[in-house]
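Working notes, beginning with the structure itself.
The values are calculated or read from the model by the stated rules, or taken from the named source; none is laboratory data. Just so we're clear, the structure is a prediction, and the values are computed from it rather than from any experiment. Cβ sites come from the backbone with ideal geometry, for glycine too, and all protein chains shown count toward neighbours.
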Amino acid sequence: MHALQHQLRHKGVLAASLVVLACIAVAGCQSVSNRPVTPISTVVESAQSGAGSELIIGQIRAAGTTYALRGSDFANLAERGVPGPVLDELQQNFFREVESLSQRWFTRRTSAGPTSIFPQPVDLDTLDSGGDGMAPTTNVGRQTHGGRPPGVPEWVPPFPASSGQFIGPNDLLEMTQSGMSTTEIVDSVMNSRVRPLYVRSGVSRERTGAITGSMFASLVEQGVAPEAVDALQAINLADHVEQTRIRTRGTVR
């Protein structure tokens, strides 16, 4: 009789333990479930409604969505009334997320997870037809090839130029004003490296990008072709990935 009671108690404890483990598993699944993606149309709508930069930036931070913005996207947003400080916030969020993805990749930690945790692709032209400015997320979060970490957009080169001149926003403006064709400028940019890449931020471990969203918008406003500005953003991020690899190389196991 005592043996039977002991077996029943043991089974009861085991069953309870399984229930607890199941709850933990469910909680874990919930923790990596898709979080809501806030469309970039909300940023535009807030700006057009007269909301100030600080309010919009607060909304962006609360939403937690990062947007994979090309250089010309910042000019598009500026034309729609999004103020400079907000453009800078969007760029720094993207820059920070690329660094985080790169650190995880180069230290061999997983970058797996739901699509919504990665930088979200945009298609701002859809705003003109009543869309939300977002693009399909088919390839988001998947490694494409080469040295590009999962989650970094496929329009970012997998490796930066191994040699070549250093280039920055002022160089694009000078090339444009010199009469170079858009094709020539893009080719020159894609075979260059970006400097300065970072702004000094004291002892903070977070790196601040030297090329801001408002800088991209200003370049287009001054006549630089959107394709050339897109190229600058692409190599800017490729250089950022490479510098993050160098920075974390000592921790790779």
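What about Gln165, is it at pLDDT below 95 and surrounded by fewer than 16 Cβ atoms within 10 Å (Cβ to Cβ)?
yes
Here's the yes/no breakdown for (1) surrounded by fewer than 17 Cβ atoms within 10 Å (Cβ to Cβ); (2) of a type in the set (Val, Ile, Thr):
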{"residue": "Leu172", "(1), (2)": "no, no"}
{"residue": "Ser181", "(1), (2)": "yes, no"}
{"residue": "Leu197", "(1), (2)": "no, no"}
{"residue": "Thr208", "(1), (2)": "yes, yes"}
{"residue": "Ser214", "(1), (2)": "no, no"}
{"residue": "Glu221", "(1), (2)": "yes, no"}
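Can you find a residue in the stretch 204-216 that is at pLDDT below 95, out of contact with any strand residue (DSSP E or B) (no Cβ under 6 Å at 6 or more places or on another chain), assigned by TED's automatic domain parsing to the domain that holds Val156 and of a type outside the set (D, E, K, R)?
Yes, the stretch 204-216 has at least one match.
Is it the case that the stretch 120-141 has a residue that's modelled with pLDDT of 95 or more, under 13 Å from the mean Cα position of the chain (by Cα), of a type outside the set (A, V, I, L, M) and crowded, with 16+ Cβ neighbours inside 10 Å?
yes
Go through the stretch 222-249 and count every residue that is acidic (Asp, Glu) and either in contact with a strand residue (DSSP E or B) (Cβ under 7 Å, 6 or more places away or on another chain) or at pLDDT below 95 (or both). Steps first, answer last, please.
Filtering the stretch 222-249 for residues acidic (Asp, Glu) gives 227, 230, 239, 242.
Adding the requirement that they be either in contact with a strand residue (DSSP E or B) (Cβ under 7 Å, 6 or more places away or on another chain) or at pLDDT below 95 (or both) leaves 239, 242.
The total comes to 2.
For the stretch 41-111, give me every one of the helices (runs of 4 or more DSSP H) that falls completely inside it and has 3 or more residues that are touching a Gly at 6+ places or on another chain (Cβ under 7 Å) and not aromatic (Phe, Trp, Tyr).
Correct list: 41-48, 84-106.
Over 24 Å from Asn76 (Cβ atoms) and free of Cβ contacts under 8 Å to residues at least 40 places away in the same chain: which single residue out of Arg108, Arg148, Arg142 fits that description? Outline the logic, then answer.
Numbers: Arg108 fails: free of Cβ contacts under 8 Å to residues at least 40 places away in the same chain; Arg148 fails: free of Cβ contacts under 8 Å to residues at least 40 places away in the same chain.
Sole residue among the options that is over 24 Å from Asn76 (Cβ atoms) and free of Cβ contacts under 8 Å to residues at least 40 places away in the same chain: Arg142.
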